[in-house]
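J.: The structure under discussion is supplied below as structure tokens; questions concerning it will follow.
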Amino acid sequence: MRTGGLICALLTLLAADAACANDIAVALTDSVVEVDAGFAGARIVLFGAVEGLAAPANEASPYDIVAVLRGPDADFRIRPMERRGLIWTRGPGIRVEGAPGFYIVAATQPVEDFAPPDLRRALEIGAAHLDIAARLDASDGRAREVLARHGAQALTEAFLEAGRETGRFREIAGAVAFHKGPLFSIAIDLPPTTPIGEYEARVYLIRDGEAIAQDSAALSVDKVGIERRIYDLAHQRPIAYGLFCVAMSLGAGWLAAAAFRK
């Protein structure tokens, strides 16, 4: 019932803007993902409609659709592996400022097959076009040393590879399902490592290598229950949270010692 109402709303929105030869409207089936202690991931579904698309797109269609789910930006630290004697250890780090903590591209086909490099760069479609190198903070001497030793390209790839390994950075081809008439849907699986925060799902309609229409939908990933209270305590009262963790550790140690004495 909810999906049916969402589709009706999308079609109504397009009908209200029928003056446009090609327009796109999207909405999420659920705008909030709740994270608790047992969170094992979730699936979100973007429903959309394209004005002027009378039949499902296929290989002969001039249209392509690409969705970019991004959020929230944060600061990260890269510590490259360095060889010291016979062993490899983590070396000094360098900070990445304001980079997305989550980034997924879902499209009708591989984006390089229908979107030229200039368009992908302008719209930041694809992890390679996030310009991570420009976000490397080399303001102190040690960071400059790390940058000089490893190079911006290697550090950028290390950052992106870490995101891919945790499922937070992905590019999915063939992710768009077309339905009757102008309707389509995109299903995206969120991993258990999905960061808490605000997200934006931006969808582009591409034709002849140009973005001719776009729309967006907001998504919130938020903790609930005891997880929410602990999260708030850690961020709003960090000293109290630290004392709480110490007390919990001492209590657990005391209980373990008491159990062994018995």
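Each value in this text was obtained by applying a stated rule to the coordinates, not by laboratory testing. Fair warning: this is a prediction, and the values are worked out from it, not measured in the lab. No Cβ is skipped: glycine too gets one built from the backbone with ideal geometry, and neighbour counts run over all protein chains shown.
J.: Pop out the ³J(HN,Hα) list for region 92-97 in order, Karplus 6.51 cos²θ - 1.76 cosθ + 1.60 with θ = phi - 60°, rounded to Hz; leave Gly and Pro as x.
T.: x, x, 9, 8, 10, 9
J.: Along the positive direction of the dipole of region 2-224 (beta-carbon charges: Lys, Arg +1; Asp, Glu -1; about the Cα centre), which of Pro110, Ala25, Gly141 reaches farthest?
T.: Sorting the options by dipole projection puts first Gly141.
J.: For a quick check: with amide H placed at 1.01 Å from N, whose amide H comes under 5 Å from Val35's, ignoring anything fewer than 5 positions away on the same chain?
T.: For Val35, the qualifying residues are Asp222, Lys223, Val224.
J.: With r defined as the distance between the Cβ atoms of Ala158 and Lys180 and R0 fixed at 45 Å, what FRET efficiency is calculated, to the nearest 0.05?
T.: Working: r = 45 Å, r/R0 = 1.00.
E between Ala158 and Lys180, to the nearest 0.05, is 0.50.
J.: Next question. Using the Karplus equation 6.51 cos²θ - 1.76 cosθ + 1.60 (θ = phi - 60°), what ³J(HN,Hα) coupling, rounded to whole Hz, does each residue of region 124-140 give in order, writing x for Gly and Pro?
T.: Calculated HN-Hα couplings, in order: 6, 9, x, 4, 5, 9, 7, 6, 5, 4, 6, 9, 6, 8, 10, 7, 10 Hz.
J.: Based on the mean of other beta carbon atoms within 10 Å per residue, what is the order of 72-84, 209-221, most packed first?
T.: Working: 72-84: 13.4, 209-221: 16.1.
Ranking, from highest mean packing down: 209-221, 72-84.
J.: Now, a different point. Search the structure for amide H atoms under 5 Å from the amide H of Arg170, placed 1.01 Å from N in the peptide plane, and list their residues when 5 or more places away or on another chain.
T.: So Arg170 has HN proximity to Tyr103, Ile104, Val105.
J.: Could I ask something else about it? Please give the peptides 41-48, 151-158 ranked by average Cβ packing (other Cβ atoms within 10 Å per residue), highest first, as a rough proxy for protection.
T.: On the way: 41-48: 17.9, 151-158: 15.2.
Highest mean packing first, the order is 41-48, 151-158.
J.: Provide the per-residue ³J(HN,Hα) series for region 161-175, in order, calculated from phi with Karplus coefficients 6.51, -1.76, 1.60 and θ = phi - 60°, each as a whole number of Hz, with x at glycine and proline positions.
T.: These are the phi-based 3J(HN,Hα) values: 5, 4, x, 5, 5, 8, x, 8, 10, 8, 10, 10, 9, x, 8 Hz.
J.: For region 2-224, compute the orientation-averaged projected area of the C-alpha convex hull (one quarter of its surface), in nm². Walk me through the numbers before you get to the answer.
T.: Details: hull surface 60.2 nm².
For the Cα atoms of region 2-224, the hull's average projected area reads 15.1 nm².
J.: While we're on this one: Net charge around Ala143, counting only other residues with Cβ within less than 14 Å of its Cβ (Lys, Arg = +1; Asp, Glu = -1)? Intermediate values should be presented prior to the final figure.
T.: Numbers: positive: Arg77, Arg79, Arg95, Arg135, Arg142, Arg144, Arg149; negative: Asp75, Glu97, Asp137, Asp140, Glu145.
Taking every other residue near Ala143 into account, the sum is +2.
J.: Turning to a different aspect of this structure: What number do you get for region 69-152 when its Cα radius of gyration is normalised by 2.2 N^0.38 Å, N = residues? The partial results should precede the final answer.
T.: On the way: Rg = 16.1 Å, N = 84, 2.2 N^0.38 = 11.8 Å.
Taking the Cα Rg and dividing by 2.2 N^0.38 Å, one obtains 1.36.
J.: Calculate the dipole size of region 46-170 relative to its Cα centre from +1 charges on Lys and Arg beta carbons and -1 charges on Asp and Glu beta carbons; express the result in debye to the nearest 20.
T.: Details: 16 positive and 18 negative charges, 170 e Å.
With only Lys, Arg, Asp and Glu charged at Cβ, the dipole is about 820 debye.
J.: Once the Cβ-Cβ distance between Ile172 and Ala148 is put in as r, and R0 is 41 Å, what FRET efficiency do you end up with, to the nearest 0.05?
T.: Details: r = 36 Å, r/R0 = 0.88.
That gives a FRET efficiency of 0.70.
J.: Using modelled backbone amide H atoms (1.01 Å from N, in-plane), which distant-in-sequence or interchain residues come within less than 5 Å of Asp30's amide H?
T.: Amide H neighbours of Asp30, under 5 Å, 5+ apart: Val45.
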